[in-house]
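**Q** Starting off with a structure, shown below.
The values are calculated or read from the model by the stated rules, or taken from the named source; none is laboratory data. The structure displayed is predicted, hence computed values, not measured ones. Please note: Cβ atoms are built from the backbone with ideal geometry, for glycine as well, and neighbour counts cover all protein chains shown. Note: accessible area is taken over every heavy atom of the protein model, side chains too, but ligands, DNA and RNA are not part of it. Shrake-Rupley method; radii C 1.70, N 1.55, O 1.52, S 1.80 Å.
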Amino acid sequence: MSTNASPLVLVTGGTGYVAAHAIAQLLDAGYRVRTTVRSPKADLPDVEVVQADLSADDGWAAAHHGVQYVLHTASPFPPGSPKHDDDVIAPAVGGTLRVLAAARAAGVERVVLTSSFAAVGYGAIPQSRYTEDDWTDPGDPNTAYIRSKAIAERAAWDDVAAHGGPELSVINPVGIFGPPLNSRVNSSVGIVKAMLDGQMPFALPTRFGVVDVRDVADLHLRAMTSPAAAGRRYLAVSGETISFLDLATMLRDHFGDAAANVPTVELTEAEVRANPALRDALTQLGRRPVISADRARTELGWQPRPVRTTIVETAEALLKAHNEAWT
Ligand code: NAP
């Protein structure tokens, strides 16, 4: 239960998948919460809402007034390639710098930035193991989204190094899954939905890390107040990487007939190379990295749930929403 004396936390992008969980956990913990949205139509009970777009200055000063901590989750995360790379990169980078400038002007204590494994592990030369010491070079041949996360996070660290406070802490999640709290199907949950709906007839022969959205939100809250987290970045990953076929197999094993449409065939690497529509997957072929969350576990006491639990509970939520829509 929050009171007028409870610290005020600004969560940017309140309509988002991660933001919804962060807001719920902050309210549970007794914080007051304000959020930014870019559409005035967003319906978000229990929180104060300010309109602000990452691409424009309006609203950001008001959003930060009286705020102690900021969780900057908002960033464009399109399911496919944008028409122009800057449709994604410019708001991601400009928005991050706008948030930091407004936070500095308002005397905010700490900003927790939702970056991504995209800013860590997509360098041109594959590594067998990734830690927070690793960086994706924005010049490497990656998708606009991956570059947007690498450039925005780099810009954030450079900005606080050049201009001082607020304290900065960064979370670098791998693929985020887990039950959505609203009807939005974001890009990562959309993968599970596409599999269940039979819209992914073949599995790509690539691997990715999984982390639960509830654990990502929890890690943001830990990084927000832990003295150890100032000036640190934290990889958020639960266990080993999985392939698309592993994901499909988990769904089929658990849900049987309800998962009858998931893919059973994995494309070969040669088939991916021969298909221009799959060019975004090329840089991921043959990679089987170990991604370490040791820092979050040891410094912040973070304990993510198992991958299988996350995948099963994602699908349960999607199937429940689907069944409710039909009754
Ligand atoms: P999401 O549900 O698509 O949320 C993205 C949020 O950003 C939405 O609130 C969206 O607002 C907002 N946004 C996008 N462009 C904006 C703009 N120009 N101005 C203002 N707000 C804008 O995605 P998510 O999964 O929660 O992602 C949250 C954060 O986690 C992002 O920074 C993403 O890069 C990062 N991340 C996600 C994953 C994953 O697998 N999901 C993995 C690693 C990192 P609208 O509702 O108006 O579109």
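**Q** Given the chain, what percent of its DSSP beta bridges are antiparallel, to the nearest 5?
**A** In the chain, approximately 5 percent of DSSP beta bridges are antiparallel ones.
**Q** In addition: Please grab the % of Cα pairs in the chain that end up more than 38 Å from each other.
**A** Tail of P(r) above 38 Å: 12 percent of Cα pairs.
**Q** Quickly estimate the mean residue ellipticity at 222 nm for the chain, helices only: each DSSP H run with n ≥ 4 gives -39500 (n - 2.57), and the total goes over all residues, rounded to 500.
**A** Computed mean residue ellipticity for the chain: -12000 deg cm²/dmol.
**Q** Now, a different point. What does DSSP give for the range 1-123 in terms of the percent of beta bridges that are antiparallel, rounded to the nearest 5?
**A** 0 percent
**Q** Now a separate question. On the accessible surface of the chain, probed at 1.4 Å, how many percent belong to carbon and sulfur atoms?
**A** Taking all protein chains in place, the chain shows 52 percent carbon and sulfur surface.
**Q** Can you return the aspartates and glutamates within cross-link range of Lys193? Criterion is Cα-Cα under 19 Å, with same-chain partners fewer than 8 residues away left out.
**A** Result set, ordered by chain and number: Asp212, Asp246, Asp253, Asp257, Glu266, Glu313, Glu316, Glu324.
**Q** Let me ask you something else. Cα convex hull of the range 155-225: mean projected area in nm², to one decimal?
**A** 6.9 nm²
**Q** So what is the relative contact order for the range 26-166, in percent, with contacts set as C-alpha pairs under 8 Å and at least six apart?
**A** 23 percent
**Q** Can I ask one more? Taking only protein heavy atoms and a 1.4 Å probe, what accessible area per residue, in Å², does the chain have with all protein chains in place?
**A** 45 Å²
**Q** Provide Rg and Dmax in Å for the range 198-327, with only Cα atoms included in the calculation.
**A** When restricted to the Cα atoms of the range 198-327, Rg and Dmax are 17.6, 50 Å.
**Q** May I pose another question? Check which residues have an amide H placed less than 5 Å from Val120's amide H, if you skip close sequence neighbours.
**A** Thr136
**Q** Taking N as the number of residues in the range 1-74, what is its alpha-carbon radius of gyration divided by 2.2 N^0.38 Å?
**A** In units of the globular-protein estimate, the range 1-74 measures up at 1.00.
**Q** Let me ask something else. May I ask you to work out the translational diffusion coefficient for the range 24-146 at 20 °C, viscosity 1.002 mPa s, via Stokes-Einstein with Rh from the Kirkwood sum over Cα pairs, reported in whole µm²/s?
**A** My calculation gives 132 µm²/s for D.
**Q** As an exercise, identify the trypsin sites (Lys or Arg not before Pro) in the range 58-121 lying in DSSP coil whose Cβ has no more than 11 other Cβ atoms within 10 Å.
**A** Those that pass, being in a loop and sparsely packed, are Lys83.
**Q** Using only the alpha-carbon atoms of the range 83-132 as identical scatterers, what base-10 log of I(q)/I(0) does the Debye formula give at q = 0.15, 0.16, 0.21, 0.22 Å⁻¹?
**A** Reported log10 I(q)/I(0), two decimals: -0.62, -0.68, -0.89, -0.91.
**Q** Each residue of the range 286-300 in turn: what ³J(HN,Hα) in whole Hz from Karplus with 6.51, -1.76, 1.60 and θ = phi - 60°, glycine and Pro shown as x?
**A** x, 8, 9, x, 9, 10, 9, 9, 4, 5, 5, 5, 7, 7, 10
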